[in-house]
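Notes follow once the structure below has been shown.
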Amino acid sequence: MLVAESSGSNLNLPEELLQALPSDPFEQLDVARKITSIALSARIDALQSEASALRAELSEKDGLITELQAQVDSHHAALSEAADKLARA
């Protein structure tokens with residue numbers, strides 16, 4: 001007995017899909033579990049890929065921050081040196 005037949009309602013599933021489902025409800029649940037597992041695995045892979053890309057972008061931004069901080073330190077030192085020269089003049 002198929003799910004649609006046992007509930008007496010049309011689940012809006014294509015007839016081909018209903019024919020392909022096993023008749024045993026526990027086997028149907030096993031198919032559903034496998035489909036869910038595949039979907040979750042695909043979603044996890046996509047999220048891991050996105051996280052990896054975001055980590056790479058973060059690393060690039062950290063490098064830029066380091067460069068900019070070095071420039072700030074250099075300019076600060078030059079300003080301090082110029083201020084000292086001005087004070088001595």
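A few remarks follow.
- Single unsatisfied condition, S9 versus (1) of a type in the set (S, T, Y); (2) at pLDDT 95 or above; (3) exposed (fewer than 10 other Cβ atoms within 10 Å of the Cβ): (2)
- The residues of the range 73-89 that are surrounded by 10 or more Cβ atoms within 10 Å (Cβ to Cβ) and of a type in the set (A, V, I, L, M, F, W, C), listed by number, are A77, A78, L79, A82, A83.
- Within the range 14-50, the set of residues being touching a helix residue (DSSP H, G or I) at 6+ places or on another chain (Cβ under 8 Å) and not in a helix (DSSP H, G or I) comprises L21, P22.
The values are calculated or read from the model by the stated rules, or taken from the named source; none is laboratory data. The model shown is predicted, which means the values in this text are computed figures rather than measured ones. Cβ atoms come from the backbone with ideal geometry, glycine included; neighbour counts cover every protein chain shown.
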